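Here the structure is laid out as structure tokens; the discussion comes afterwards.
The values are calculated or read from the model by the stated rules, or taken from the named source; none is laboratory data. All values reported here derive from a predicted model rather than from experimental measurement. Cβ sites come from the backbone with ideal geometry, for glycine too, and all protein chains shown count toward neighbours.
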Amino acid sequence: MSGEFKNFKVYNISDTIKADFNGDKVIDTAFFTDKKNISIVDGLSKKAIIVGVDKSSEEMGNDFSWVDFWGITTDIETYEIVIDDSEIVGDKKVKLNNTSLFLRKDEVGGGVITFKDGQYIWIHQTD
């Protein structure tokens, strides 16, 4: 973990996380609704979304039962593993505009959920 993020806090999957995920300066709430779904409640509108359910984030999926722990990072950039035709071809830097959630499986990796262009997107970080 310490090599991946400079500014981060780790949580158990049973913990509720509160932070401004969408950049509107109002605290939002993220939590596992069961062992596989993540809900984010917008602090301003009080509207809840289940992460990965809409078609805009289909590469992320909506089954997070593989997650051992999660947390937040306030870093302004991270990396994304680039895959082409099912082969890893490298990685690239990705800008993070807001506090972002990271999801991890011990000794495997995971990814980051961040708010960009009006939606939550998945940044793949597993080899």
Practice task
Determine whether D54 is among the acidic types (D, E) and either modelled with pLDDT of 90 or more or exposed (fewer than 12 other Cβ atoms within 10 Å of the Cβ) (or both).
Solution key: no
Exercise for the section: Output the residue which, of all residues in region 57-70 that are surrounded by fewer than 13 Cβ atoms within 10 Å (Cβ to Cβ) and out of contact with any strand residue (DSSP E or B) (no Cβ under 7 Å at 6 or more places or on another chain), is modelled with the lowest pLDDT. Expected result: E58
Fill in the blank from the handout: The condition from (1) buried (at least 16 other Cβ atoms within 10 Å of the Cβ); (2) among the hydrophobic types (A, V, I, L, M, F, W, C); (3) assigned to a strand (DSSP E or B) that F5 misses is numbered (3)
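Residues checked against (1) in contact (Cβ under 8 Å) with a residue 24 or more places away in the chain; (2) not small (G, A, S):
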{"position": "I81", "(1), (2)": "yes, yes"}
{"position": "D84", "(1), (2)": "no, yes"}
{"position": "E87", "(1), (2)": "no, yes"}
{"position": "L96", "(1), (2)": "no, yes"}
{"position": "L101", "(1), (2)": "yes, yes"}
{"position": "G111", "(1), (2)": "yes, no"}
{"position": "Q119", "(1), (2)": "yes, yes"}
{"position": "W122", "(1), (2)": "yes, yes"}
{"position": "Q125", "(1), (2)": "yes, yes"}
Exercise for the section: Working only within region 77-112, note down all residues that are among the hydroxyl-bearing types (S, T, Y) and more than 14 Å from the chain's Cα centre (by Cα). Expected result: S86
Problem - Selected residue (only one of V94, V89 is surrounded by fewer than 12 Cβ atoms within 10 Å (Cβ to Cβ), of a type in the set (A, V, I, L, M, F, W, C) and assigned to a strand (DSSP E or B)) - result: V89
Problem - Qualifying positions in region 16-37 - of a type outside the set (V, I, T), farther than 21 Å from G61 by Cα and in a loop (DSSP other than H, G, I, E, B) - result: D20, G23, D24, K25
Practice task
Could you grab me the full set of residues in region 106-127 that are exposed (fewer than 14 other Cβ atoms within 10 Å of the Cβ), modelled with pLDDT of 90 or more and either among the aliphatic types (A, V, I, L, M) or not in a loop (DSSP other than H, G, I, E, B) (or both)?
Solution key: Q119
Fill in the blank from the handout: Only unsatisfied item for S45, checking (1) in contact (Cβ under 8 Å) with a residue 60 or more places away in the chain; (2) closer than 19 Å to N22 by Cα, is (1)
Exercise for the section: Please indicate, with yes or no, whether at least one residue in region 71-79 is farther than 17 Å from I123 by Cα, in contact (Cβ under 8 Å) with a residue 40 or more places away in the chain, surrounded by 16 or more Cβ atoms within 10 Å (Cβ to Cβ) and of a type in the set (G, A, S). Expected result: no
